[in-house]
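Beneath this line is the structure, given in structure tokens, with notes to follow.
The values are calculated or read from the model by the stated rules, or taken from the named source; none is laboratory data. Everything quoted here is computed from the prediction, not taken from an experiment. Neighbour counts run over all protein chains shown; Cβ positions are idealised from the backbone, glycine included. Side chains are part of the model used for accessible areas, which takes the heavy atoms of the whole protein and leaves out ligands, DNA and RNA. Shrake-Rupley method; radii C 1.70, N 1.55, O 1.52, S 1.80 Å.
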Amino acid sequence: MKFTCMKWSALPVLVLMAGTVVLAEDLGSQQPDEAQSGSSATAATPAAAPTPAAKPKPTVARRKENQQDRIAQGVKSGQLTAGETSKLETKEAALNRETKADRAASGGKLTAAEKKQINGQQDQLSKQIGKDKHNTSTQHYANNKVDQRRENQQDRVAQGIKSGQMTAGEAAKAEKQQKGINRQVAADRKANGGTLTASEKKQVNQEQNAASKNIYHQKHNPKTQPQEQPKPN
């Protein structure tokens, strides 16, 4: 009888313990899910990469200056012949005149349509500069006084273009003059088995003297290729 009472009195305790065990197992089985849920909630979401600021389009003046710098480099390196340079600078001079006329007609400013048109023309000129600088025609200089003088003249022209001392029109004229001298020298050498006679050298030297004076005048007259001034910080 006592045994029976003890058995029944212990039963609620056993039930309570069993419930505690089941509850603990339930809680334990939920931990991974909770940990996973917590990690997804607290994990740092990768921040979107900042969008790089778009570079402002170069102004008309800056674009013109860039083109002149490219031409000057081509003249200096010999990638551009005198003939190629003359043609490029003639186109640049025409574009400069057009820009000046548009500004004069619009109170000193360019309309959006005019800027678009000028940029399109500069795109075409840019392609031509690249084509001329990478074709097979190059300015070659042999190790002799005539060719050294030719190279020196080209270096002076290149410096004048780069610095803005020579306008595109002036550079076109200077290179057209050099182109004529180069053709004459090539023809004379071809007629004499690759060399120049003393009289031919004298004639070429006189022509280069005249070209040298023109280059000096063009670099020191009031006409200049305006350079875009940097904006103050």
Only residues in the stretch 60-81 that are polar (S, T, N, Q) count as the first member; pair them with residues that are buried (at least 20 other Cβ atoms within 10 Å of the Cβ) and in a loop (DSSP other than H, G, I, E, B), Cβ under 6 angstrom, at least 6 apart or cross-chain, and list the lot. 81/139
Would you check if residue 186 is farther than 12 Å from residue 82 by Cβ and among the hydrophobic types (A, V, I, L, M, F, W, C)? no
Taking the condition at negative phi, at pLDDT below 95 and of a type in the set (Lys, Arg), does residue 97 pass? no
Within the stretch 54-80, track down each residue that is among the polar types (S, T, N, Q), open to solvent by 30 Å² or more (accessible area, probe 1.4 Å) and at pLDDT 95 or above. 66, 73, 77, 79
Return a yes/no flag: does the stretch 144-162 have any residue that is at pLDDT 95 or above and in contact with a Ser or Thr (Cβ under 6 Å, 6 or more places away or on another chain). no
Output for Cβ contacts, cut-off 8 Å, separation at least six or different chains, first residue of a type in the set (Lys, Arg) in the stretch 209-226, second at pLDDT below 95 and surrounded by 12 or more Cβ atoms within 10 Å (Cβ to Cβ), reads none
Residue under question is residue 178, and the condition is that it be of a type outside the set (Phe, Trp, Tyr), surrounded by fewer than 19 Cβ atoms within 10 Å (Cβ to Cβ), modelled with pLDDT of 95 or more and more than 19 Å from residue 226 (Cα to Cα); does it hold? no
Can residue 173 be described as open to solvent by 60 Å² or more (accessible area, probe 1.4 Å), in a loop (DSSP other than H, G, I, E, B) and of a type in the set (Lys, Arg)? no
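Taking the residues in the stretch 135-164 that are of a type in the set (Asp, Glu) and open to solvent by 20 Å² or more (accessible area, probe 1.4 Å) as candidates, determine which candidate is farthest from residue 203 (Cα to Cα). Even if it seems obvious, please write down each step before you answer.
Restricting attention to the stretch 135-164, the residues satisfying the condition of being of a type in the set (Asp, Glu) are 147, 151, 155.
Add one more test, that the residue is open to solvent by 20 Å² or more (accessible area, probe 1.4 Å), and what stays is 151, 155.
On the way: 151: 17, 155: 22 Å.
Result: 155.
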